[in-house]
Amino acid sequence: MVEKIECKKMLCLDVCTRWNSTYLMLDTAQNFERAFERFEEQDTNFRAELERGEGWPSVDDWDNVKNLRDFLEHFYEVTLRISGTSYVTSNNFFDELSKIDILLLDAQLNNNVDFNVMAIKMKEKYDKYWGDIDKMNSLMFVAYVLDPRKKQKYLEFALSEMSSFEKACEMMQKLNESLYELFDDYKLPLHSTCSQSSVPTHVSFGKPQQKMKRRMQALYKKRELEICGEDKTSELDKYLAEANEEFVEDFDILLWWKVNSPRFLTLSKMTRDVLAIPVSTVALEYAFSTRGRVLDQYRSSLTPKIVQALVCTQDWIRKSSS
């Protein structure tokens, strides 16, 4: 009797409409490497039966399975992270893009010819959508800067790694203009509200100590203005000038801004709106598969040929109407 192999997952097949199924198939298949060896020991016809088809997996094949599985895992995990709905994703999206860019560049230097060719094709597809930093949504960079662990210096470094230093500097200049322009849009209504609410319409008679305290504070502010002049440093300037926070895995960016909101009244409101923007408005299942948009509970018996025709027709109609 063949030795029982305990595995956490069941074997699964590759599905052409689900791009993540290749990773899942390889991830589970490598757990059964020992099972193939035991089959050969127990069943003399095992190798002969498999050789009638594609053949049985060799040692080199299992090495390729492991390498490809490790490579595809990065893309699988990235898709899961950026498709989340219960946590902030906008501040990490550019980080994930830069990691994929470096991963594909390294993969093109792989000694395995088949692996190398695959990486080159993937890099061409990546460059089609994300190769030009000028075509990226600037709001993605704004969210990146509003992460207190990164800010401008880290963004400039990441851009220079993906593109030339000159292009990175040019993009940073455009980003600064957009960042301050967005901050000014938030600053005007907030300051007008604060100025109106800060001016009392009547004098309330409180305790003498409170009156004296308010009078001393007013005299102090007046003296500071006479000596130093008005402080024109904005909240955004102060935030960018501060040292970056340390990189920690369990960093809670929403908690950080909640704690520091008294220091950055306007900037925290702007950050709240920016970080609330989801990177992907597509459900996770849709990102992996087109099945749910074609086959539903009322059309579950369609043949593969009809499904392919529906998908192609839908693409043609969308292209003709655009």
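The values are calculated or read from the model by the stated rules, or taken from the named source; none is laboratory data. Fair warning: this is a prediction, and the values are worked out from it, not measured in the lab. Quick reminder, even Gly has a Cβ in these numbers, built from the backbone with ideal geometry, and neighbours come from all protein chains shown. Please note that ligands, DNA and RNA were not included when accessible areas were found on the heavy atoms of the full protein model with its side chains. Shrake-Rupley method; radii C 1.70, N 1.55, O 1.52, S 1.80 Å.
I'd like to know if the range 114-127 contains one or more residues that are under 27 Å from L236 (Cβ atoms), of a type outside the set (K, R) and open to solvent by less than 60 Å² (accessible area, probe 1.4 Å).
Step one: filter the range 114-127 for residues under 27 Å from L236 (Cβ atoms), giving none.
So far as the range 114-127 goes, no, none of its residues is under 27 Å from L236 (Cβ atoms), of a type outside the set (K, R) and open to solvent by less than 60 Å² (accessible area, probe 1.4 Å).
(1) more than 19 Å from the chain's Cα centre (by Cα); (2) of a type in the set (A, V, I, L, M, F, W, C); (3) open to solvent by 60 Å² or more (accessible area, probe 1.4 Å): which one isn't true of F183, the others all being true?
Every listed condition holds for F183 apart from (3).
Just name the residue that is nearest to A158 (Cα to Cα) out of those in the range 68-84 that are aliphatic (A, V, I, L, M) and open to solvent by 20 Å² or more (accessible area, probe 1.4 Å). Steps first, please.
At the first step, the residues of the range 68-84 found to be aliphatic (A, V, I, L, M) are 68, 72, 78, 80, 82.
Add one more test, that the residue is open to solvent by 20 Å² or more (accessible area, probe 1.4 Å), and what stays is 68, 72, 80, 82.
Working: L68: 26, L72: 23, L80: 22, I82: 18 Å.
Among those that are aliphatic (A, V, I, L, M) and open to solvent by 20 Å² or more (accessible area, probe 1.4 Å), it is I82.
Return only the number of the condition from (1) touching a helix residue (DSSP H, G or I) at 6+ places or on another chain (Cβ under 9 Å); (2) modelled with pLDDT under 75; (3) within 24 Å of S138 (Cα to Cα); (4) outside any helix (DSSP H, G or I) that A287 does not satisfy.
For A287, the failing item is (4).
Among the residues of the range 109-137, write down those that are under 30 Å from E170 (Cβ atoms) and polar (S, T, N, Q).
Correct list: N137 only.
Going through the range 264-273 one residue at a time, which ones are open to solvent by 10 Å² or more (accessible area, probe 1.4 Å) and either under 14 Å from V145 (Cα atoms) or not aliphatic (A, V, I, L, M) (or both)?
Let us first name the residues in the range 264-273 that are open to solvent by 10 Å² or more (accessible area, probe 1.4 Å), namely 265, 268-269, 272-273.
Once the filter is applied, which keeps residues that are open to solvent by 10 Å² or more (accessible area, probe 1.4 Å) and either under 14 Å from V145 (Cα atoms) or not aliphatic (A, V, I, L, M) (or both), the range 264-273 yields S268, K269, R272, D273.
Would a scan of the range 164-176 turn up a residue that is surrounded by 15 or more Cβ atoms within 10 Å (Cβ to Cβ), under 26 Å from E249 (Cβ atoms) and free of Cβ contacts under 8 Å to residues at least 60 places away in the same chain?
The answer is no; no qualifying residue exists.
Restricting to the range 85-113, name every residue that is open to solvent by 30 Å² or more (accessible area, probe 1.4 Å) and part of a loop (DSSP other than H, G, I, E, B).
T85, S86, Y87, N92, Q108, L109, N110, N111, N112
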